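Asks: My questions all concern the structure below.
The values are calculated or read from the model by the stated rules, or taken from the named source; none is laboratory data. Quick caveat, the model's predicted, so the values are computed rather than measured. Counting neighbours? That spans all protein chains shown, and the Cβs are built from the backbone with ideal geometry, glycine included. These accessible areas exclude ligands, DNA and RNA; they are computed on the full protein's heavy atoms, side chains included. Shrake-Rupley method; radii C 1.70, N 1.55, O 1.52, S 1.80 Å.
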Amino acid sequence: MAFAPMGPEASFFAVLDQHRASLLAALRRGGGEPTGGGTRLASRFEDSVGLQMVSHCTTRKIKSDSPKSVKNFALILKILSMIYKLVQSNTYATKRDIYYTDSQLFGNQTVVDNIINDISCMLKVPRMSLHILSTSKGLIAGNLRYMEEDGTRVHCTCGSTAVAVPSNIQGIRNLITDAKFLLIVEKDATFQRLLDDNFCNRMSPCIMVTGKGVPDLNTRLLVKKLWDTFHIPIFTLVDADPHGIEIMCIYKYGSMAMSFEAHNLTVPAIRWLGLLPSDIKRLNIPRDTLIPLTKRDQMKLDSVLKRPYVTCQPFWRKEMEIMADSKMKAEIQALTFLSSDYLSRVYLPNKLKFGGWI
């Protein structure tokens, strides 16, 4: 059953439809984005996948007969034993569940998280195959329906409330949508503001997702699943600062920490919709609404500019160089200087209608 049309006329989505056609054509050719060179460290970059581990990367050895690593070795065996029981019984547990089985032994949650990542990397299987779930913090809204593993039917809406991202993405099925695009929103506050402004309804059919900052694993898995299932254009709305750019890169190209699972997490087809540093000048945003880059910001920006995937994103590089030259950053909320609903009423609709993404 199709969703009831509530948004703009079909002609509004003409450029979006053209963009989707070009994405599908690229998929049929089996290619990604233009390739570029780069320094290859613990991870390598492949344009159609993102950051991946290299076979000759540095490894860490943990010995059972070494006083320095005997405890860590024992903890790995303990968690492996728990994983074996989960797989055998076809049940699942969260990382938090595992930690609380013996919190005094593990010491803190980070120890458990790191060991699970190590086991997943060592066995070369996604975490879901270990029957270990992550607690979700992300939200989703818009024109989407699906069924969870236990048979629960979920109907995301375009209203003022959102649905929590499921904790078992692999288990969801029967996904249905007629969305023209998916918008990833960096911050929860901006996501909620767009819902309050009725953006989803006015731009229907569409889907919105937020990972509430740096995305958790489940939010990334969901975005990947939606791309693999529907191949609709995916855009990011982040602050015009190094932190926002880094978050966008995690969705698009992945991270060093999870490079061993890149195929399950990255969506290189993602595009940067806003807030672009060049938009600040174009829209005459007053300088007193901007924020000076800190030393930490500048270090982060320099780091991103040196990454191999920036080589094949000349427009991204240009935007980051604009930020570096101005030594200023801007939050999405800076657009409220123009009007309280400028983001949802003017900025995003115009970007989507006229192809204002890079």
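Asks: Which condition does residue 84 not pass, out of (1) assigned to a loop (DSSP other than H, G, I, E, B); (2) farther than 21 Å from residue 150 by Cβ; (3) of a type in the set (Ser, Thr, Tyr), if it passes all the others?
Replies: Result: residue 84 passes all but (1).
To keep it simple, each residue is scored yes or no on (1) assigned to a helix (DSSP H, G or I); (2) under 16 Å from the mean Cα position of the chain (by Cα).
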position: 245; (1), (2): yes, yes
position: 249; (1), (2): yes, yes
position: 267; (1), (2): no, yes
position: 273; (1), (2): no, yes
position: 278; (1), (2): yes, no
position: 316; (1), (2): yes, no
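Asks: Consider residue 184 carefully, then state whether it is modelled with pLDDT of 95 or more, among the β-branched types (Val, Ile, Thr) and open to solvent by 30 Å² or more (accessible area, probe 1.4 Å).
Replies: Considered against the rule, which asks whether it is modelled with pLDDT of 95 or more, among the β-branched types (Val, Ile, Thr) and open to solvent by 30 Å² or more (accessible area, probe 1.4 Å), residue 184 comes out as no.
Asks: Mind checking which residues of the stretch 145-165 are open to solvent by less than 10 Å² (accessible area, probe 1.4 Å) and in contact with a helix residue (DSSP H, G or I) (Cβ under 8 Å, 6 or more places away or on another chain)?
Replies: Selection gives 165 alone.
Asks: Mind listing just one residue for me: the one in the stretch 339-352 that is outside any helix (DSSP H, G or I) and of a type in the set (Ser, Thr, Tyr) and, of those, most open to solvent (accessible area, probe 1.4 Å)?
Replies: Ranking the qualifying residues of the stretch 339-352, first place goes to 340.
Asks: Which one of these does residue 214 not meet: (1) touching an Asp or Glu at 6+ places or on another chain (Cβ under 7 Å); (2) under 26 Å from residue 126 (Cβ atoms); (3) open to solvent by 30 Å² or more (accessible area, probe 1.4 Å)?
Replies: Failing condition for residue 214: (1).
Asks: Could you check the stretch 213-240 and list, in sequence order, the residues that are assigned to a loop (DSSP other than H, G, I, E, B), at pLDDT 95 or above and of a type outside the set (Asp, Glu)?
Replies: 231, 232, 233, 238
Asks: Specify the residue that is modelled with the highest pLDDT; the eligible residues are those in the stretch 315-338 that are open to solvent by 80 Å² or more (accessible area, probe 1.4 Å) and not charged (D, E, K, R).
Replies: 315
Asks: Now for a different question. Which pairs turn up if I take residues in the stretch 89-104 that are closer than 12 Å to residue 128 by Cα and look for partners that are of a type in the set (Ser, Thr, Tyr) with beta carbon separation below 6 Å, at least 6 apart in sequence or on another chain?
Replies: From the stretch 89-104, the pairs are 94/135.
Asks: Does the stretch 280-296 hold any residues that are in a helix (DSSP H, G or I) and open to solvent by 40 Å² or more (accessible area, probe 1.4 Å), and which are they?
Replies: Selection gives 281, 282, 287, 288, 289, 295, 296.
Asks: Can we say residue 284 is among the polar types (S, T, N, Q) and touching a Gly at 6+ places or on another chain (Cβ under 8 Å)?
Replies: For residue 284, the condition - among the polar types (S, T, N, Q) and touching a Gly at 6+ places or on another chain (Cβ under 8 Å) - is not met.
Asks: Look through 259, 204, 255 and report the one residue that is modelled with pLDDT under 95 and touching a Cys at 6+ places or on another chain (Cβ under 7 Å).
Replies: Of the residues listed, the single one that is modelled with pLDDT under 95 and touching a Cys at 6+ places or on another chain (Cβ under 7 Å) is 204.
Asks: Quickly run through the stretch 163-202 and pick out the residues that are among the β-branched types (Val, Ile, Thr) and in a loop (DSSP other than H, G, I, E, B).
Replies: 165, 172, 177
Asks: Scanning the stretch 161-200 for residues that are polar (S, T, N, Q) and touching a strand residue (DSSP E or B) at 6+ places or on another chain (Cβ under 9 Å), which turns out nearest to residue 333 (Cα to Cα)?
Replies: Filtering the stretch 161-200 for residues that are polar (S, T, N, Q) and touching a strand residue (DSSP E or B) at 6+ places or on another chain (Cβ under 9 Å), the one nearest to residue 333 (Cα to Cα) comes out as 190.
Asks: Would you be able to say whether some residue in the stretch 201-210 is among the polar types (S, T, N, Q) and either out of contact with any strand residue (DSSP E or B) (no Cβ under 6 Å at 6 or more places or on another chain) or open to solvent by 10 Å² or more (accessible area, probe 1.4 Å) (or both)?
Replies: Among the residues of the stretch 201-210, at least one is among the polar types (S, T, N, Q) and either out of contact with any strand residue (DSSP E or B) (no Cβ under 6 Å at 6 or more places or on another chain) or open to solvent by 10 Å² or more (accessible area, probe 1.4 Å) (or both), which makes the answer yes.
Asks: Okay, next question. Would you confirm, using the coordinates I've provided, whether residue 129 is modelled with pLDDT under 95, surrounded by fewer than 22 Cβ atoms within 10 Å (Cβ to Cβ) and outside any loop (DSSP other than H, G, I, E, B)?
Replies: Here the answer is yes, as residue 129 does meet what is asked.
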